[in-house]
Amino acid sequence: MKQTHNREAGRNRPEKTFWLGLRPETLVMLILIAVLLVPLSALSQPRDSSYEGGYLAKLRTAAQLSQADLGEIDPASETMRLASLGLKNIAVTLLWDRANYYKKVEDWTNLSAVLEQMTKLQPNFYSVWDFQAHNLSYNISVQFDDYHDRYAWVMKGIEFLRQGVFFNTREPRLLGRMGWFIGQKIGRSDEKKQYRRLFKADDDFHERDRPGRTLAERDNWLVGREKYLAAQVVADAGVPLKTTPLIFHSEPMMMAINYARNLESDGIFGDKARDGWELAGEELRRYAVREIPTSWDVPIRLGLREAELARAERLAAELETLLPGKFAAMEAERSAALTGAQRQALEVPPLDRTEDQQDLVAKAEQAMKVNWPMVARDAPADVRDQAQRLAADYIEAQETAEIIDRYRDIVNFDFWRATCEMEVTDSALRAREATWQAEKDYEAARLRPAKEAFEEAFAAYREVLDASDVLRSDALTREELIETIDQYREVLEQLDEPFPSPFVLDDVLKNE
C-alpha cells in the first residue's frame with residue numbers, strides 16, 4: 001500500500017518544464033542563437049518590388065551581383081542548385097566530363113541533355129555558354145555530311161548563346177560571341193554560300209531574334225553587326241568589359257566591311273554596293289571617336305592621331321619662337337662632343353658596320369639625342385617655367401600620337417579607313433564590277449570579253465591607287481591585284497597575245 005501511495009503521489013506531482021531540464025550552458029547557447037537571429041534576419045532580408053531588402057541584398061544591388069541584376073531568373077535552375085546541397089561545383093565538373101564523353105562517342109541526344117543540365121546549374125558562368133556553343137557550332141557541326149545538318153548544328157550553337165544572353169543580360173561578351181558566330185561561322189565557312197542562303201530563309205530564327213526583320217536585313221553580316229551593337233550598349237552602360245576593348249569595339253565596323261565586300265562577291269554593285277560601303281564608313285567613323293582604354297592608363301581615340309601630331313607641331317613652333325635657335329644649338333653642341341671613333345663609325349654604311357662600330361653608333365646616337373624638355377631646362381630664368389610647360393605638353397602630344405599609332409596598327413585602321421573612303425568612289429565601284437565580270441567570263445571560257453573586262457578593271461584600279469597613298473603601298477592590296485593580273489596573263493596566253501608593255505599597273509608588278 002505504501003508503494004502504491006508513492007506512485008500515486010509521483011503521478012500527481014507537476015512535471016518539470018523543458019527549460020528547467022536543460023543544462024545552463026545549453027540554455028545560454030539557445031538564448032544567444034535566438035538573439036543572433038535578429039541581426040541575421042535584418043542582414044539577409046530578400047529584395048522585392050516594394051522593399052530594397054537587408055544589408056546583403058543592398059550590397060548585391062549596389063554591385064549588381066544579384067540574380068535579378070544578372071539576368072532572368074529560372075525557377076528550375078534555382079531548384080537544381082538548392083537540391084545539390086552545396087555540391088554544385090562537383091556536379092558541374094562531372095557533367096563536363098560526361099559532355100566530353102558524349103561528344104567523343106557522337107551521342108548528340110545525351111550531349112544536348114547534359115548541356116541543358118550544366119546551364120541549369122551554372123546559368124551565370126560565361127565559359128559554359130561560350131565553350132559549349134563553340135562545340136555545337138564548330139566541332140559537332142562538321143561531323144555531318146549534309147550541309148543542311150551542319151547548318152542546323154551551327155544554329156544550335158547560336159541558339160545556345162541566345163539562351164545564355166537571356167540569363168546574363170549584363171554580359172556583353174555573350175552578345176559579341178553570338179555576333180561572331182553569325183558573321184564568321186556562317187559567312188566564312190567552306191559552305192558559306194549555302195549557309196548564307198539558309199540563314200536568310202530561316203524564318204524561325206529571325207522571328208525569335210527580331211520580329212519584323214526584312215529580307216534585306218537578314219544578311220548574316222548585318223545581323224552579326226546588330227549583336228555587336230547591342231553588346232556595346234551593355235558595355236557602355238557601365239558593365240566591366242572582360243575582353244580587349246580595342247578589338248571588341250572594332251567588330252561592328254568589321255561586320256559592316258564584310259557585308260559590303262560580300263555584296264560585291266555576290267555580284268551586287270551600283271548603289272547597293274555604295275550603300276554597303278557607306279555603312280562601313282559610318283561604323284569606322286564611330287569607332288574612330290570612341291574612347292579606348294590602353295595599357296598606359298591613357299584613354300585614346302583612334303581618329304585623333306593627326307590632331308595630336310598637329311598639336312605637337314604647333315607647340316614645337318611656340319617653343320622655337322620662345323627659345324630661338326636653342327634646339328639646333330644643343331644638337332650642334334652634342335654632336336661636337338662625339339669622339340673620333342664615334343664619328344668614324346657613323347660614316348660607315350649601316351650594313352657594313354662591325355659589331356664594335358654598331359655599338360659606337362648606338363652610343364653616339366644616344367649622346368646626340370635632344371628633345372624640348374632638355375632645351376627647356378636650360379632656358380633663361382624669366383621664360384623657363386613657360387618653356388617647361390610647353391615642352392611637357394609637346395611630349396604628351398607626341399606620346400599620345402605614338403600610342404594611337406600602335407593601336408591603329410593592331411586593327412589595321414589606316415588601311416580600312418582608306419578602303420572605306422575609296423570603295424564609295426566611281427573608280428573603285430567600276431574596278432570591282434569589271435573584275436567580277438572578267439572572272440565570270442573567264443570561268444565560262446569567254447576569253448575576249450574577259451580580256452576587255454580585265455583591262456577595264458586595271459584602268460579603274462590605276463585611278464584608285466593614284467588617289468590613295470595608303471592603298472598604293474599596302475602589301476595585301478598589291479597581292480590581290482597580282483592574283484587578278486595573273487588571271488589576265490592566262491587569258492592572254494590562251495588568246496596567244498603578248499602581255500602589254502608598258503602595263504598600266506607596272507608599279508604593282510615591280511614591287512612583286
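For the reader, a short list of remarks on this structure follows.
- For the residues Leu246, Leu229, Leu198, the requirement of being within 15 Å of Met178 (Cβ to Cβ), modelled with pLDDT of 95 or more, surrounded by 13 or more Cβ atoms within 10 Å (Cβ to Cβ) and among the aliphatic types (A, V, I, L, M) singles out Leu229.
- Some residue of region 377-386 being surrounded by fewer than 19 Cβ atoms within 10 Å (Cβ to Cβ) and within 38 Å of the chain's Cα centre (by Cα): no
- From the list Ser265, Ser295, the lone residue that is within 27 Å of Ala392 (Cβ to Cβ) and either in contact (Cβ under 8 Å) with a residue 12 or more places away in the chain or within 43 Å of the chain's Cα centre (by Cα) (or both) is Ser295.
- Selection of first residues in region 422-449 that are buried (at least 17 other Cβ atoms within 10 Å of the Cβ) and of second residues that are of a type in the set (Lys, Arg) and at pLDDT 95 or above, restricted to Cβ pairs under 7 Å at least 6 apart or on distinct chains, gives the following pairs, ordered by first then second residue: Val424/Arg274; Leu429/Arg274.
- Selection status of Arg285, without any contact (Cβ under 8 Å) to a residue 40 or more places away in the chain, of a type in the set (Lys, Arg) and buried (at least 16 other Cβ atoms within 10 Å of the Cβ): no
- Here Val411 fulfils each of the conditions (1) at pLDDT below 95; (2) surrounded by 12 or more Cβ atoms within 10 Å (Cβ to Cβ) apart from (1).
- Residue satisfying all of: in region 100-128; surrounded by fewer than 16 Cβ atoms within 10 Å (Cβ to Cβ) and β-branched (Val, Ile, Thr); nearest to Asn168 (Cα to Cα) among these: Thr109
- Residues in region 480-507 that are more than 18 Å from Met422 (Cα to Cα) and outside any loop (DSSP other than H, G, I, E, B): 16 in all.
- For Tyr228: the one exception among (1) within 15 Å of the chain's Cα centre (by Cα); (2) part of a loop (DSSP other than H, G, I, E, B): (2)
- Check on Ala256, part of a helix (DSSP H, G or I), crowded, with 21+ Cβ neighbours inside 10 Å, in contact (Cβ under 8 Å) with a residue 40 or more places away in the chain and not hydroxyl-bearing (Ser, Thr, Tyr): no
- Answer residue from region 135-167, given it is within 19 Å of the chain's Cα centre (by Cα) and under 20 Å from Leu198 (Cβ atoms) and is surrounded by the most Cβ atoms within 10 Å (Cβ to Cβ) among those: Leu161
- Phe181 meets the conditions (1) more than 20 Å from Met253 (Cα to Cα); (2) at pLDDT 95 or above; (3) crowded, with 19+ Cβ neighbours inside 10 Å in every case but one. The failed one is (1).
- Residue check for Asp275: farther than 16 Å from Phe413 by Cβ and at pLDDT below 95: no
- Residue identified as touching a Ser or Thr at 6+ places or on another chain (Cβ under 6 Å) and in the same structural domain as Tyr488 (by TED's automatic domain parsing) among Ala418, Ala431, Ala460, Ala438: Ala460
- The helices (runs of 4 or more DSSP H) found wholly in region 317-419 and carrying at least 3 residues that are closer than 30 Å to Glu283 by Cα and free of Cβ contacts under 8 Å to residues at least 12 places away in the same chain occupy 381-411.
- Looking only at region 168-178, and only at residues there that are assigned to a helix (DSSP H, G or I) and out of contact with any Asp or Glu (no Cβ under 6 Å at 6 or more places or on another chain), the one that is surrounded by the fewest Cβ atoms within 10 Å (Cβ to Cβ): Arg173
The values are calculated or read from the model by the stated rules, or taken from the named source; none is laboratory data. Note that the structure is a prediction, hence the values are computed from the model and not measured. Cβ sites come from the backbone with ideal geometry, for glycine too, and all protein chains shown count toward neighbours.
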